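Data block below; observations after.
The values are calculated or read from the model by the stated rules, or taken from the named source; none is laboratory data. Remember, it's a predicted structure, so these values are computed and weren't measured experimentally. Here Cβ is always computed from backbone atoms with ideal geometry, including for glycine, and neighbour counts include all displayed protein chains. In case anyone asks, the SASA skips ligands and DNA or RNA and just uses the protein heavy atoms, side chains included. Shrake-Rupley method; radii C 1.70, N 1.55, O 1.52, S 1.80 Å.
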Amino acid sequence: VEELLPARDRTISTDAPLTRQDMCGMSMNVYKSLTGQTDEDLGEPQQLFLDTSDPDVLNAYSLDLVSEKSRGIFAPEDTISRQDYFTSTVQLLDNMGYSYTDEIEMDLSTCSDSDELMAYAVQPTKVLMCIGAIEGGQPLQPNREITAEEAVLIMDRVVAYFSDWQEDPVDPQRDLGEEVSELALTKVGCR
């Protein structure tokens, strides 16, 4: 868990809301871990924002994992909603080479508040449900701030799924649902 959290001058409380800067740090830790790249490999990021020069923020932005708040402003200390975290996490998967189809047939109506999802977050939410990173049948609470604990739990599940996928990539000729079902069957008995 600690390797997922970004190294910062302050300790991140697990029940505290995750900030945009912390999310970038987490995403970059995962990206570097899974690709084997280092900060040196990524090079000196271009300074793009007036309110932060954090290399993880700048690298995450250059990899399209996050977007700016407004022209030249990143707002690193702003907290992040669950649906924004879902979206950024799927962007990370996409950047890592996990391509998903837009036709994932997940029934979001099993979540009592799925109608609160913004349009941009519907597909990422389906992807995370499909791979088991978030649970169906539970309220999604898309507009609530995500805590560091929730973010680490979801990211840990994503990393585990990605590692399994890397070992046995999805055959594009097969249905993603079949692939997920087969993967799920290999996990019978796991927590």
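What to note about this one:
- Counting only protein heavy atoms and using a 1.4 Å probe, the accessible area of ASP54 comes to about 40 Å².
- Karplus-derived 3J(HN,Hα), 6.51/-1.76/1.60, for each residue of the stretch 41-52, Hz, glycine and proline x: 4, 6, x, 7, x, 6, 6, 10, 10, 7, 10, 7
- Subtracting the Cα-Cα distance of GLU116 and GLN141 from 0.36 nm times their residue separation leaves 8.2 nm of extension gain.
- Applying both filters, DSSP loop and at most 13 other Cβ atoms within 10 Å, to the GluC sites (Glu not before Pro) of the stretch 83-132 gives GLU103, GLU105.
- Here the extension length gained between SER67 and ASP94 equals 8.2 nm, from 0.36 nm per residue of separation less the Cα-Cα distance.
- One decimal place: the segment ASP78-ASP39 gains 11.6 nm when fully extended, by the rule 0.36 nm per residue minus the C-alpha distance.
- Anisotropy class of the stretch 45-107 from Cα gyration tensor, a/c 1.5 cut: prolate
- A 1.4 Å probe, protein heavy atoms only, puts the accessible area of SER112 near 100 Å².
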